[in-house]
Structure formats: structure tokens, C-alpha cells
Amino acid sequence: MNLSDIRRNSQRLAIRCNRRGKLVLPMVAKRATVMCFSELRSKFDGAAEAFLRIVSAVLRHLDRIDPEAARRARERYACFDHCDADSRVYGMLTGLRGVEGCEDEVIAMLVELRRHPADAARPDGTDRADAFDAEQNARLVKNAENYYRSMYLSNVSSWNLRDRHMVETLAALERHLGDTTGARGTRPKIVVWAHNSHLGDARATEMSSRGEINLGQLARERFGRAVFNIGFSTYDGTVTAANDWDAPTECKRVRPGLEGSYERLFHEGSGDSFWVDLADREVAHALEGPKLQRAIGVIYRPETERQSHYFQASLAKQFDALIHIDVTRAVERPRDERVESLIHGRLLLFHRRAGPALASVPRWAPRPGPPGAGRRSRPRMTRAVGL
């Protein structure tokens, strides 16, 4: 889904971007916090400069409030000097060659930051926010160290580490917002914007057979029915993607959805854009699957699409709702990079009270079959009149 799709469908999907490039979701609440995990891998697996920026943010905070703690932080983070803070070098040295890593140092730094009293003297609460940012950066360093150390040993392990970091971040943000809003007993409303593969429940896909988990699964396990998952799908169009990590992006033609896939099913049933209410039992039964589902992220290889981009999934268990955009158009770099960071996502995860605003959007439903056909009916399009 790209910026043009969001603007073109703003009235129908209740999604719009304001002039400052902030994503506005009236369906969620008047006030909600937006989280974007679209660039998390670049922070975990990117250049040394990205890692050093994270460490520098922790040091700047401590230099301002506690120079002695800043000195200890520099001593601990100096452990990475032997590999020039390069993630691949560190991973090879510690994961393959048995060189002693920096696990103890980064854990000690995170523990100290969490115990450090937050100076909340400023009326606007900026000191508390700065302390939270520093703690999150220290957590990222700790989790990144673990990720680097394991990425040459097991692909499943490194994937799971990233998604556990995501749910840790989500939980920490919820606690922080709950503390700062002052509204006791009420949960803050948070929007998480990331790829379907991270936020569609992994237990409903073949990921689980490989021992993989993801944020969608962990969030449901942790927050229960306070979580509402919305997936996105498309049949064809264009996409801005690369052939590999760190390769240049290009505009690629998306191949039509394969036979036996959810994408083909939705296209043949409508050929239009609509939403699917997976809380409807009849709809959920018709889409129970498993069927093929396509995942296109920052990498897209049309020549090996079936092997590299399709997997088996049960849509009704994976999401609470799904928005299908039949034809999409490739992302064009906007002038405001804050918008760009938001529109790379593929899924929203938000509070359950979001639903009613979708009532005026076209909704998919199974098509009634002939008498005696039972539950095996052909899908059709209908228009929602309410939830």
C-alpha cells in the first residue's frame, strides 16, 4: 500500500495523511501513538554508523544528567571497538570463532539505565521522555548484540530475536505512556505499522512449523483481545523494492496473484478494493484455508516468486480484518521522510474499538450457493451496513 492508495481511498478507508505527513487514523481514536517497525532490520543489521548513532544517543543523555554514568557507559561500549562496531564482523568473531562478546556489558548498561532515577523536574516532562529514549536505545544495543551473535548460527533465532525486541518495545511504550498520561486504569491507544509477516499471527502460517514467532502472535498472547490485527493484500500493480538487502530499489511489476492464493480469490470475487470482516463466522469459515498468501517487502524477486514470496496461511486465524487493494502503485519518495517511513508498512495493529469506522467501506462476503450447497459457496462482494 502506498501514499497514492492512502490518499485515493482516504474517505473509504478512513485513513489520511495531514499536511505534516503524520498518518491520521480516525478509526482508532482522537489520540493514538504510532509505532513504525519498517526500518528495524536496518538498525539491527545495518552499517556501523547506525549502531554508533544509537550508542551516541545513550552517551549524550548520560553526559547531561550523570557524567560518571556516562564514563561507565563508554567503558562498557568500548567492548565493540575491536570490530569497529560492524555487525557482520562482530557476528563472525563471536558466533563462529568463539571470541568473547559484549553481552555482559550491554546488559549491565541497560540495568543501570533502568535503575537510574528519571529527572522529572521540567513541567513539560521532557526529561522523563529523554530518559525513556535513552533506555530504549540501550535496550536496542542489548538486543542487537544478541542478534549479531546469533545471526550466523540460526536464521530462525535471529528472526525471533527481532520480533521479541518489537514486543518488548511495544510493552515498554505502553508502560511509559500509561505513566505519563496520568490516566490510571486505562490503556494508551497504540498503532503499530509493520509488514504482514511480522504482525499476522505466526501460529496461523507455516512460520510456526519452522519454529518462528512474530509480533502479532506475541502481542495477542500478551494483550489478548485488546489487540486488533488488520492485514493488507493486493492482486497486482507495481512496487518499489530491491533484489537483495542493501541493493538499490527499483520499480517492479507485481505479478498477478497465483491460482490457489487469497489474492486470486479476492480478485476473482470482485476485482475491486474492499475489506474483509474476519469476525464474521461465515466469512471466517469460507477463508479458513490454508491457502497461499504472498508477502512482498523491501525485497521482491518476481522470477522466484512462488518459492520466495508465497507461504501457506489461514487468513481467518491470522488477522481480525483485511483490506484488499486490488491494484497498487509503487511508492514514490515523498518530500517528507516521516511519511515515507510510515507508508512502507503492510499492517496495522490497534485497539479493538477501531472497528465501527469501517462500516461504510465495501465488505467481502461468501456468495450464497444453490440450495443444498451447504457452506462451500463462492465468494461475492457486498456492502457493509454496520458491524
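Out of all the residues in region 349-356, is one or more part of a strand (DSSP E or B), touching a helix residue (DSSP H, G or I) at 6+ places or on another chain (Cβ under 9 Å), at pLDDT below 85 and crowded, with 19+ Cβ neighbours inside 10 Å? Steps first, please.
Step one: of region 349-356, the residues part of a strand (DSSP E or B) are 349-350.
Within this subset, residues satisfying the condition of being touching a helix residue (DSSP H, G or I) at 6+ places or on another chain (Cβ under 9 Å) are 349.
Keeping just the survivors that are at pLDDT below 85 gives 349.
Now restrict to residues that are crowded, with 19+ Cβ neighbours inside 10 Å: 349.
Checked against the condition, which is being part of a strand (DSSP E or B), touching a helix residue (DSSP H, G or I) at 6+ places or on another chain (Cβ under 9 Å), at pLDDT below 85 and crowded, with 19+ Cβ neighbours inside 10 Å, region 349-356 yields at least one hit.
Could you list all residues from region 81-111 that are in contact (Cβ under 8 Å) with a residue 60 or more places away in the chain and of a type in the set (A, V, I, L, M, F, W, C)?
Answer for region 81-111, where residues must be in contact (Cβ under 8 Å) with a residue 60 or more places away in the chain and of a type in the set (A, V, I, L, M, F, W, C): just M92.
Of all residues in region 239-257, which are at pLDDT 95 or above and either among the hydroxyl-bearing types (S, T, Y) or touching a helix residue (DSSP H, G or I) at 6+ places or on another chain (Cβ under 6 Å) (or both)?
Selection gives R255, G257.
When the residues of region 171-195 are filtered to those that are aliphatic (A, V, I, L, M) and either assigned to a helix (DSSP H, G or I) or farther than 21 Å from N137 by Cα (or both), which remaining residue is modelled with the lowest pLDDT? Write out each step before concluding.
Initially, region 171-195 is screened for residues aliphatic (A, V, I, L, M), giving 171-173, 177, 183, 190-192, 194.
If we keep only those that are either assigned to a helix (DSSP H, G or I) or farther than 21 Å from N137 by Cα (or both) too, we end up with 171-173, 177, 183.
Values: A171: 90, A172: 89, L173: 88, L177: 84, A183: 57.
Among those residues, the one meeting the criterion is A183.
Does V111 count as at pLDDT 85 or above and in contact with a Phe, Trp or Tyr (Cβ under 9 Å, 6 or more places away or on another chain)?
Here the answer is no, as V111 does not meet what is asked.
Just to check your reading of the model, which residue among F44, F132, F37 is under 23 Å from G178 (Cβ atoms), within 29 Å of the chain's Cα centre (by Cα) and modelled with pLDDT under 80? If you could, list the steps in order and put the result at the bottom.
Numbers: F44 fails: under 23 Å from G178 (Cβ atoms); F132 fails: modelled with pLDDT under 80.
None of the others qualify; the one that does is F37.
I'm checking my understanding of the structure. Among residues of region 94-116 that are part of a loop (DSSP other than H, G, I, E, B) and in contact with a Lys or Arg (Cβ under 9 Å, 6 or more places away or on another chain), which one is surrounded by the most Cβ atoms within 10 Å (Cβ to Cβ)? Walk me through it before giving the result.
First, pick out the residues of region 94-116 that are part of a loop (DSSP other than H, G, I, E, B): 97-102, 116.
Next, from what is left, pick out any that are in contact with a Lys or Arg (Cβ under 9 Å, 6 or more places away or on another chain): 101-102.
Working: G101: 20, C102: 23.
That would be C102.
So for region 153-170 (the condition being at pLDDT 80 or above, of a type outside the set (A, V, I, L, M, F, W, C) and surrounded by fewer than 18 Cβ atoms within 10 Å (Cβ to Cβ)), does at least one residue qualify?
Checked region 153-170: at least one residue is at pLDDT 80 or above, of a type outside the set (A, V, I, L, M, F, W, C) and surrounded by fewer than 18 Cβ atoms within 10 Å (Cβ to Cβ).
Testing L342 on (1) more than 15 Å from S197 (Cβ to Cβ); (2) at pLDDT 90 or above; (3) of a type in the set (A, V, I, L, M), one condition comes back false. Which one is that?
(2)
Do any helices (runs of 4 or more DSSP H) entirely within region 216-329 hold 1 or more residues that are polar (S, T, N, Q) and within 26 Å of N160 (Cα to Cα), and if so, which?
By residue number, 305-309, 315-318.
Among the residues in region 196-207, are any in a loop (DSSP other than H, G, I, E, B), surrounded by fewer than 18 Cβ atoms within 10 Å (Cβ to Cβ) and either assigned by TED's automatic domain parsing to the domain that holds R363 or in contact with a Phe, Trp or Tyr (Cβ under 7 Å, 6 or more places away or on another chain) (or both)?
So the first thing to find is which residues in region 196-207 are in a loop (DSSP other than H, G, I, E, B), and the list is 200-201, 206-207.
Restricting the remaining residues to those that are surrounded by fewer than 18 Cβ atoms within 10 Å (Cβ to Cβ) gives 206.
This time we only want the ones that are either assigned by TED's automatic domain parsing to the domain that holds R363 or in contact with a Phe, Trp or Tyr (Cβ under 7 Å, 6 or more places away or on another chain) (or both), so: 206.
Yes: one or more hits.
The values are calculated or read from the model by the stated rules, or taken from the named source; none is laboratory data. Treat the numbers as computed from the prediction; the structure is a model and nothing was measured. For neighbour counting, all protein chains shown are included, and Cβ atoms are generated from backbone atoms with ideal geometry for every residue, glycine included.
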